[in-house]
Amino acid sequence: MSEASPARPRAGARERVLAAALACATESGMDAVTIDAIRLRSGVSVGSLYHHFGDKQGVFAALFVAGVEHFGEIAMAAMAKGESAEAGLRALVEDYLDWVVAHPDWARFLLAARPRLESTAGPLLRDANGRYFTALRDWLKRWPETRHLAGRPALVLALVFGPVDYLVRPWLDGLMPASPLEHRDALADAAVRALLGG
């Protein structure tokens, strides 16, 4: 008989609500999700849910910010891998694709929620984006060939992640059976050409 694995600590109420909200949104879409469905799935009390989030919009805004923070950590780690500007750009594209394939529900939620929640997620989103933009600016300043882009982080993000977002959307919607990972080299090449030339 195999030895029992040690019990995992129970996730906090906030984390359980966010996980439940993502699962409910994946199954039904954000508009169809009710606060009661999130409460039932998470197993938290009404009081705890309202204490942490206020309402359904607050839950989804917090989930959006958590996704941005999580992906920001992935992207900052990707930049740290690169021993050159080109290697770092390639790592950004490749690690983003890996993240989307590993977390399709979260990627789908973030892409769908961005236009609806970006302007309402408040100071937490500004803080998360601020940390990420600061890290990106510092990384761009590190390389002579990207120094001129340090004041334009939004442009860099559009050129690195925009084509990836466009490609993965049909895959996330079940309209493209082939894995987007098949295109990782082409997407990385495009980001390098767009930002470094050549």
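Couple of notes before you dig in:
- Meets criteria (aromatic (Phe, Trp, Tyr), surrounded by 17 or more Cβ atoms within 10 Å (Cβ to Cβ) and modelled with pLDDT under 95) for TRP171: no
- Residue match in the range 186-194 (condition: at pLDDT below 95, of a type in the set (D, E, K, R) and assigned by TED's automatic domain parsing to the domain that holds VAL93): no
- Of the listed requirements (1) under 16 Å from the mean Cα position of the chain (by Cα); (2) more than 30 Å from PRO144 (Cβ to Cβ), ALA91 misses just one: (2).
- Subset of the range 139-198 [of a type in the set (Asp, Glu) and within 17 Å of TYR96 (Cβ to Cβ)]: ASP165, GLU182, ASP185, ASP189
- Candidates VAL101, VAL68 - the one that is assigned to a helix (DSSP H, G or I), surrounded by 15 or more Cβ atoms within 10 Å (Cβ to Cβ) and modelled with pLDDT of 90 or more: VAL101
- Selection count, the range 171-193, where residues are within 26 Å of THR146 (Cβ to Cβ) and of a type outside the set (Asp, Glu): 11
- Options GLY58, GLY47; residue that is closer than 21 Å to ALA112 by Cβ, free of Cβ contacts under 8 Å to residues at least 40 places away in the same chain and assigned to a helix (DSSP H, G or I): GLY58
The values are calculated or read from the model by the stated rules, or taken from the named source; none is laboratory data. Bear in mind that the values here come from a model prediction, so they are computed numbers and not experimental data. In this analysis, Cβ positions are derived from the backbone assuming ideal geometry, glycine residues included, and neighbour counts consider all displayed protein chains.
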